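Some notes on the structure that comes next.
The values are calculated or read from the model by the stated rules, or taken from the named source; none is laboratory data. None of these values were measured; they are calculated from a predicted model. We place every Cβ from the backbone using ideal geometry, glycine too, and count neighbours over all the protein chains shown.
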Amino acid sequence: MAKFELKLPKMGESVAEATITTWLKEVGDTIELDDAVVEIATDKVDSEVPSEVEGVLIEKLFEVDDVVQVGQVIAIIETEGEGGAEVTAQETITKVEDTPKEAVAIETAIVKTTEEVTGGKVDFSESNKFYSPLVKNIAATEGVSLPELEAISGTGKDGRVTKNDILQFVEERKNGKVGSQSTVQIAKTEQQPVSVVKKPEATKATPIAASGEDEIIEMTRMGKLIAHHMVESVQTSAHVQSFIEADVTNIWNWRKKVKDGFMKREGENLTFTPIFMEAVAKALKDFPMMNISVSGDTIIKKKNINLGMAAALPDGNLIVPVIKNADQLNLVGMTKAVNDLANRARTKALKPDDTQGGTYTVTNVGTFGSIMGTPIINQPQVGILALGAIRKVPAVIETPEGDFIGIRYKMFLSHSYDHRVVNGALGGQFVQRVKDYLEAWDANREF
């Protein structure tokens, strides 16, 4: 018999950790090759970890809700045959505790006192700041209280506390360079005078009373993340909107004429989305200052045009997979990319890398019958375009022979942009250019 170490696989350049959400196999279960063993979640997508071997699951090294680093061993599978990676108890402990030594070392007295004061847990519901699962895990392990955590100056995006920030705090506290809430408690017990600077408490939301007839529904993990990102975006960017109406009659008629042939030749369903995405990619190339992000007092001008595409999940939430280098795709390539990401979003088969690196986002509110919307910017981008429903409406048509009333297919484009760095002229010109590309559609175009 041999033992195989199932490790958390690399899930993209920017993904370093994941949270265990569900064990799909139990100890003693037989596992086939490519069987899904465990479900994991990053801050973007949920996915499964398949087995690379056949055998029997003999040990699970993490529990549900534990945070695991990429490359860590999460389970041991016993396989037939000789050789393989035999795992001793000490090796297992070493792998599970695969974090810097300073992240797990602290004086016994401080840990003991913290556990007595806080019960070994930190109540993050009292904070209005965002902390990653890894930071929360380190805080709980090291006995870092919420006031201490909130006093740390984060070096991450928007001042977030990173792993290095909290590890540095723990090291400095251990060396006596900073005080701790636990140390203060010890000092009070010994009747030693201490000076404590209290951080003002965050304003708490007014509690809402629920009657006996009301249904209490717990928000999903994804729902909580989306809620946080939306509030964070509104607090970060100065949102401004510009609206414009586009005549897409030529596109409507062209698609109706070619969609069957497109399906026959390419094996793909031609929707309006890739057509709109093509126009947005062209407009971003014309206005590169819409393809930027903001970092403090600096502007980062993106080289690549990576279009985020809001897609609906089965549970009703939205996710934003990204079409990389969208300006380099022809209509066939764009259609295949759109359909692939949409299908994998519906089947929960997106990979973490599929949602990373977006530079501008498009959302189709018309799918739900809305004629326009005011979408919230997907940070750290500076713009998002909402596509309204296509409507058949009466319109004034100008011709050399005079004006007359006709039936046209029209839609509203709603452009939300960050007024800190995008003024009204640029925001308006950009959405005007998208309209121009749509209205100039060649009705005789070959796909």
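What the table below lists for this structure:
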read-out	value
Hits in segment 267-285 (condition: over 20 Å from residue 426 (Cα atoms) and surrounded by 15 or more Cβ atoms within 10 Å (Cβ to Cβ))	268, 270, 271, 272, 273, 274, 275
Segments classed as strands (runs of 3 or more DSSP E), wholly inside segment 11-116, with at least 2 members that are among the hydroxyl-bearing types (Ser, Thr, Tyr) and either surrounded by 15 or more Cβ atoms within 10 Å (Cβ to Cβ) or modelled with pLDDT of 85 or more (or both)	17-23
Within segment 282-310, tally of residues that are within 16 Å of residue 417 (Cα to Cα), part of a helix (DSSP H, G or I) and either touching a residue at least 24 places away in the same chain (Cβ under 8 Å) or not assigned by TED's automatic domain parsing to the domain that holds residue 328 (or both)	4
Pick from segment 311-348, criterion of a type outside the set (S, T, N, Q), assigned to a loop (DSSP other than H, G, I, E, B) and touching a residue at least 60 places away in the same chain (Cβ under 8 Å), ranking: surrounded by the most Cβ atoms within 10 Å (Cβ to Cβ)	313
Looking only at segment 397-426, and only at residues there that are closer than 16 Å to residue 243 by Cβ and not in a strand (DSSP E or B), the one that is farthest from the chain's Cα centre (by Cα)	425
Filter result for the condition that a residue is closer than 17 Å to residue 288 by Cα, in contact (Cβ under 8 Å) with a residue 60 or more places away in the chain and surrounded by fewer than 18 Cβ atoms within 10 Å (Cβ to Cβ), over 362, 421, 382	421
Of the criteria (1) touching a helix residue (DSSP H, G or I) at 6+ places or on another chain (Cβ under 9 Å); (2) over 28 Å from residue 41 (Cα atoms), which one residue 398 fails	(1)
Residue within segment 364-375 that is over 19 Å from the mean Cα position of the chain (by Cα), under 22 Å from residue 281 (Cα atoms), hydroxyl-bearing (Ser, Thr, Tyr) and in the same structural domain as residue 312 (by TED's automatic domain parsing) present	yes
Boolean, residue 386 is within 25 Å of the chain's Cα centre (by Cα), small (Gly, Ala, Ser) and closer than 21 Å to residue 238 by Cβ	yes
